[in-house]
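The next block holds one structure in the form of structure tokens; read it before the comments.
We did not get these values from a lab; they are worked out from the coordinates using the rules stated. A quick note: this is a predicted structure, and the numbers were derived from the prediction, not measured. Cβ coordinates were reconstructed from backbone atoms using ideal geometry, including for glycine residues, and neighbour counts include every protein chain displayed.
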Amino acid sequence: MSSNPEDPRAPAPGESTADFGFRSVPRADKKPLVRAVFDSVAPRYDLMNDLMSLGVHRLWKREFIEGLDPRPERTLLDLAGGTGDIALGWLARGGGPAVLSDINPSMLAVGRQRADAAGVDAITLVVVDAEAIPLPDSSVDRVSMAFGLRNCTDKPAVLREARRVLRPGGQFHCLEFSRVQVAALAPVYDAWSFRVLPRMGRLVAGDADSYQYLAESIRTFPDQEALAGMMRAAGLSRVSYRNLTGGIAAIHRGWRL
């Protein structure tokens, strides 16, 4: 793909695999491939989300942040936090100290610029693989993840780690593109995702392939019920979800009790 010097290699017979969009790739190769995508789109990440959601992601994130219930005495770990929308929104609404984490330094660099421009100092930025969070057990009150879980190789490991670092009574919140629940929306959404979006990616960012991957990654992500089941399997309790815009996205929540 254009964001990577070589196309993903085909897995060898018997080799462990992971999804990379609609393709299966060697499991060890997924993280570098995803990193290449986000290296490519980082300078235009917010524009990318505008294109993918027709700007509605801003409303979704506002609801998501309100659901986190920011309070000064609560701490937030934002996983795959990218350019900082959630962590900065949490702080703007009166939340306590926030850790903005991402596996991709290019994304965090944009987040740092935004935090500096806003004069925010109650935020820590750190490169973190969400599958192995370098925090002690029971150390934060909220863990958030917005549009990042679908790009992770080992999603159950991410969910287990999120539960591990939560204090008892803490909550994990996930905002992610999901499965459309309104039949009339499905063909329009498919046409937008696979015909229009890659072309716009080529015109706006000079990178159609990364946008094609991002559209494919949405379709291979577990649907609402499947993700809720994965959260329960990771030990989270009182798991619930709420569909947004007919199921184009959904907010999942689970507690550590």
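Classify the chain as rounded, prolate or oblate from the Cα gyration tensor: take a ≥ b ≥ c as the square roots of its eigenvalues, call it rounded if a/c is under 1.5, otherwise prolate when a/b beats b/c and oblate if not. Intermediate results must be reported in sequence, preceding the final value.
Numbers: a/c = 1.37, a/b = 1.31, b/c = 1.05.
Rounded, because the longest to shortest axis ratio a/c is under 1.5.
Roughly how many Å is it from the Cα centre of the stretch 180-231 to that of the stretch 120-160, as a whole number?
Cα centroid of the stretch 180-231 versus Cα centroid of the stretch 120-160: 23 Å apart.
Could you state the per residue volume, in Å³, of the convex hull enclosing the Cα atoms of the stretch 116-245? Write down the numbers at each step before the final one.
Details: hull volume 19.5 nm³, N = 130.
Cα-based convex hull of the stretch 116-245, divided per residue, equals 150 Å³.
Over the chain, what is the relative contact order in whole percent, taking alpha-carbon pairs under 8 Å and six or more residues apart?
Values: 479 pairs, mean separation 48.4, N = 257.
Relative contact order of the chain: 19 percent.
Based on the alpha-carbon set only, what is the convex hull volume of the stretch 124-172 divided per residue, in Å³? Mind dumping the intermediate values first?
Numbers: hull volume 3.9 nm³, N = 49.
Dividing the Cα hull volume of the stretch 124-172 by its residues yields 80 Å³.
With the Cα gyration tensor of the stretch 99-154 in hand, give its eigenvalues times 5 under a square root as the equivalent ellipsoid semi-axes, listed largest first in whole angstrom.
Working: eigenvalues 82, 47, 19 Å².
Equivalent ellipsoid semi-axes, largest first: 20, 15, 10 Å.
Calculate how many DSSP beta bridges within the chain are antiparallel, expressed in % of all such bridges and rounded to the nearest 5. Could the numbers behind the result be given before it?
Details: 17 of 35 bridges.
If we restrict to bridges inside the chain, about 50 percent are antiparallel.
Placing unit charges on C-beta atoms (Lys and Arg positive, Asp and Glu negative, everything else neutral), compute the dipole magnitude of the chain about its Cα centre in debye, rounded to 20.
Values: 32 positive and 30 negative charges, 113 e Å.
That gives a dipole near 540 debye.
So what's Rg/Rh here for the stretch 1-93, counting alpha carbon atoms and using the Kirkwood radius for Rh?
Numbers: Rg = 17.3 Å, Rh = 15.8 Å.
Over the Cα atoms of the stretch 1-93, Rg/Rh equals 1.09.
Among rounded, prolate and oblate, which fits the stretch 45-192 when a ≥ b ≥ c are the square roots of the eigenvalues of its C-alpha gyration tensor, a/c under 1.5 means rounded, and a/b larger than b/c means prolate? Display every interim value, and only then the final one.
Numbers: a/c = 1.63, a/b = 1.37, b/c = 1.19.
Taking the square roots of the gyration eigenvalues as a ≥ b ≥ c, the stretch 45-192 is prolate.
Summing Lys, Arg as +1 and Asp, Glu as -1, what charge do residues with Cβ under 14 Å from the Cβ of Tyr241 carry, Tyr241 excluded? Numbers along the way, then the final one.
Values: positive: Arg179, Arg232, Arg238, Arg242, Arg253; negative: Glu63, Glu176, Asp223, Glu225.
My count for the surroundings of Tyr241 gives +1.
Give a residue-ordered list of calculated ³J(HN,Hα) values for the stretch 45-54 (Karplus: 6.51 cos²θ - 1.76 cosθ + 1.60, θ = phi - 60°; whole Hz; x for Gly, Pro).
4, 5, 5, 4, 5, 4, 5, 5, 10, 6
Taking a temperature of 25 °C and a viscosity of 0.890 mPa s, what whole-number D in µm²/s does Stokes-Einstein yield for the stretch 65-117 with Rh from Kirkwood over alpha carbon pairs?
Details: Rh = 10.9 Å.
The calculation lands on 225 µm²/s.
Note down the relative contact order for the stretch 128-257 as a percent, whole number, built from C-alpha pairs under 8 angstrom at least six residues apart. Walk me through the numbers before you get to the answer.
Details: 211 pairs, mean separation 39.2, N = 130.
Relative contact order for the stretch 128-257 comes out at 30 percent.
What is the stretch 74-205's relative contact order, in percent, from Cα pairs under 8 angstrom and six or more apart in sequence?
On the way: 208 pairs, mean separation 30.3, N = 132.
This gives 23 percent for the stretch 74-205.
Angle check, please: helix 105-118 long axis (alpha carbons) against the longest principal axis of the chain (alpha carbons), in degrees 0 to 90, nearest 10.
50
So what are the ³J(HN,Hα) numbers for the stretch 145-155, from phi and the Karplus equation (6.51, -1.76, 1.60; θ = phi - 60°), rounded to whole Hz, Gly and Pro as x?
Each residue's phi maps through the Karplus curve to give 8, 10, 6, x, 4, 5, 8, 7, 6, 10, 5 Hz.
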